[in-house]
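Heads up: the structure comes next, in structure tokens.
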Amino acid sequence: MKQTLEDKVALIRENFQAGRAELMEVSGSFRITFETGQSVYIYVETYDNSITARFETKETDPEKRRHEIRALRRLLVREISFADVSEFAEAPSGKNRFVYTAGIRINESIIFHETIVFGSDAAGETQIPLPEKEADAPVNNAAAVADDLSDLARAEKAIEQLETIDAKMIRQSLDMMNLKRSSNVRIGLTRIFRNAVDAEELILSIQDEAAKLNSDKDHNDLRIIKTINTDGFLEPVIGLLYDAVFDASSAG
């Protein structure tokens with residue numbers, strides 16, 4: 001099913017609602033205010049059916065404006081990792097008021113479709129069985145070795161692997177998991193990867209997100225992606241999150 005522009009804007013809105021920026025609904029659009037104090041309006045441009053980011057500043061120094069705009073675009077690119085954000089271009093503006101706009105384009109290939117049915121008996125569907133009990137899972141020597149490592153060592157290994165890839169590869173891998181955009185697990189993983197600066201910060205971020213994943217659906221989603229991600233660059237982070245969630249639930 002083809003996604004409308006409104007659907008795509010809704011994805012962007014949900015992404016910001018799950019993040020750290022402040023979101024405020026405005027007539028026909030919404031405003032995002034970052035921790036830096038910069039604000040940007042995101043809306044559908046009706047004349048050409050595009051998604052636009054609009055930024056206004058009163059800075060009169062062209063060089064300072066250039067740095068301000070570049071910093072803002074970096075924030076948008078980081079926060080909307082599933083979309084392409086064009087360079088900002090100056091738009092008509094008034095005295096002592098400078099306006100810049102950028103286009104936001106979401107690639108159709110990353111829009112999620114329910115193509116895989118987990119644990120389903122439906123004919124013609126690709127099936128991935130749900131794990132039954134943790135004790136019944138097959139022994140994985142690599143996983144056993146990893147479990148013997150400290151969380152810090154595992155986090156350092158995860159950071160090393162993440163340093164070899166870019167945001168696009170992470171986004172595509174998350175898309176392949178067949179998790180809905182509204183999935184708490186997907187939202188949590190997105191925030192974890194965004195905050196993966198070093199091993200200690202990664203562990204803190206994982207612990208923070210693990211505390212939020214407390215519903216049966218969250219646990220089921222996490223079991224599913226743990227089952228289908230036994231190898232690859234996302235496995236170390238997923239493994240750490242999995243352990244943090246289920247160790248905490250067992251302790252509770």
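The values are calculated or read from the model by the stated rules, or taken from the named source; none is laboratory data. Since this is a predicted model, take the numbers as computed values, not measurements. Note that we place each Cβ from the backbone using ideal geometry, even for glycine, and neighbour counts take in every protein chain shown.
Residue pairs whose Cβ atoms lie under 6 Å apart, sitting 6 or more positions apart in sequence or on different chains, and linking a residue in segment 185-203 that is under 10 Å from Ala158 (Cβ atoms) to a partner that is at pLDDT 85 or above and assigned to a loop (DSSP other than H, G, I, E, B), do not occur here. Return the residue satisfying two criteria in turn: it lies in segment 64-123 and is modelled with pLDDT of 85 or more and small (Gly, Ala, Ser), and of such residues it is farthest from Ile51 (Cα to Cα). Here the answer is Ala71.
Among the criteria (1) surrounded by 13 or more Cβ atoms within 10 Å (Cβ to Cβ); (2) at pLDDT below 85; (3) among the acidic types (Asp, Glu), the one Glu35 does not fulfil is (1).
Among the residues making up segment 219-246, a single one is charged (D, E, K, R) and at pLDDT 90 or above: Asp243. Across segment 158-190, the qualifying residues are those that are of a type in the set (Lys, Arg) and at pLDDT below 85, and the one among them that is nearest to Asn220 (Cα to Cα) is Lys180.
Considering segment 172-189, the residues that are buried (at least 17 other Cβ atoms within 10 Å of the Cβ) and of a type in the set (Lys, Arg) include one that is nearest to Ile224 (Cα to Cα), namely Arg186.
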